[in-house]
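Encoded as structure tokens, the structure appears first; notes follow it.
No lab work stands behind these numbers, since they all come straight from the coordinates. In this text, all values refer to a predicted model and were calculated from it rather than measured experimentally. Neighbour counts are summed over all protein chains in view; Cβ atoms, including those assigned to glycine, are modelled from backbone coordinates with ideal geometry.
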Ligand code: SF4
């Protein structure tokens, strides 16, 4: 089964009446040779990693590689009752930041789709779980998210060094928005719309990690992704559609990525990475890590 367009999966689901996750599992079975039971089991294990990591680290401070982050998740965890944006959204952002700090401290992560963006999916999935979405449904929604990521990887890129942070945080947000729609029993078309709305909104996002370390601005961008994913889930389910279909948005994202100068593609030579404060921080780290702010 040669699937290059997410819309192919949506159309098969609509025409046959088959659930979207089953259409995706059929595709994956042909691609990987695994049974659908095995694929579901493997996906369940990924969700388990997210659950275990967050449960054991949710109120902890992290010691990260260069200590430009590590206490933000804990601060947010202690603030959630005061959040003006509401508990669900703030919790999702909190989980996303905590899991991204876990990544920065070399903790166990699910690179879904990448290490730098590994907080977005748990941010959305674990908050859905906390508010009553059955675990089995979350596993199926993670399968749907995986298909969105696979199409992006096939048609474009998931790499910040290749296409900027839009390819990492943008793709993670598209995957999480699609997963949230599916987890909450939205339609296949709504999954596609939520993913397209997400990726469009983060298009052009540059990759500019301070000192080349996946800490600043990476960790907090995971909060952006989780928050936007929930927003676009609700927008898609309210009936808002993306005028430009997901597959075309993916192609446009890659075209923008190719246009980005090298300085904005994970080299640490542009954007946030060359601000005066970033240069000062890098200078302080220079002796220890032998890195250059030039
Ligand atoms: S800024 Fe670059 S390194 Fe950081 S999360 Fe985005 S793509 Fe990854």
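Between residue 82 and residue 18, the contour length at 0.36 nm per residue exceeds the Cα-Cα span by 18.8 nm.
Taking a virtual spin label 7 Å from the Cα of residue 61 along the C-beta vector, which residues in the stretch 104-126 bring their backbone nitrogen under 16 Å of it? In the stretch 104-126, the label zone of residue 61 (backbone N under 16 Å from the point 7 Å along Cα→Cβ) covers 105.
Computed from Cα positions, the angle between helix 6-16 and the longest principal axis of the chain comes to roughly 20 degrees.
In whole percents, the pair-distance distribution calculated for the stretch 70-202 from its alpha-carbon pairs, binned every 10 Å from zero, is 14, 42, 36, 8, 0. Relative contact order, whole percent, for the chain stands at 19, derived from Cα pairs under 8 Å and 6 or more residues apart. Under a GNM of the chain (C-alpha, springs under 10 Å), which listed residue has the highest mean-square fluctuation: 266, 51, 41? Taking springs between Cα atoms under 10 Å, the residue moving most is 41.
Highest mobility in the GNM of the chain, judged by mean-square fluctuation with C-alpha springs under 10 Å and restricted to 74, 38, 88, is found for 38.
Considering helices alone, the calculated mean residue ellipticity of the chain at 222 nm is -20000 deg cm²/dmol, with DSSP H runs of length four and up weighted by -39500 (n - 2.57) and normalised per residue.
Across the alpha-carbon set of the stretch 6-262, the Rg to Rh ratio works out to 0.95, Rh being the Kirkwood radius. For the chain, the longest principal axis of the Cα atoms and the long axis of helix 87-104 meet at an angle of about 60 degrees.
For the chain, the longest principal axis of the C-alpha atoms and the axis of helix 276-289 are separated by about 80°.
Cα centroid separation, the stretch 196-230 to the stretch 130-174: 13 Å. Over every Cα atom in the stretch 1-93, the radius of gyration and the widest Cα-Cα span, Dmax, amount to 19.8, 52 Å.
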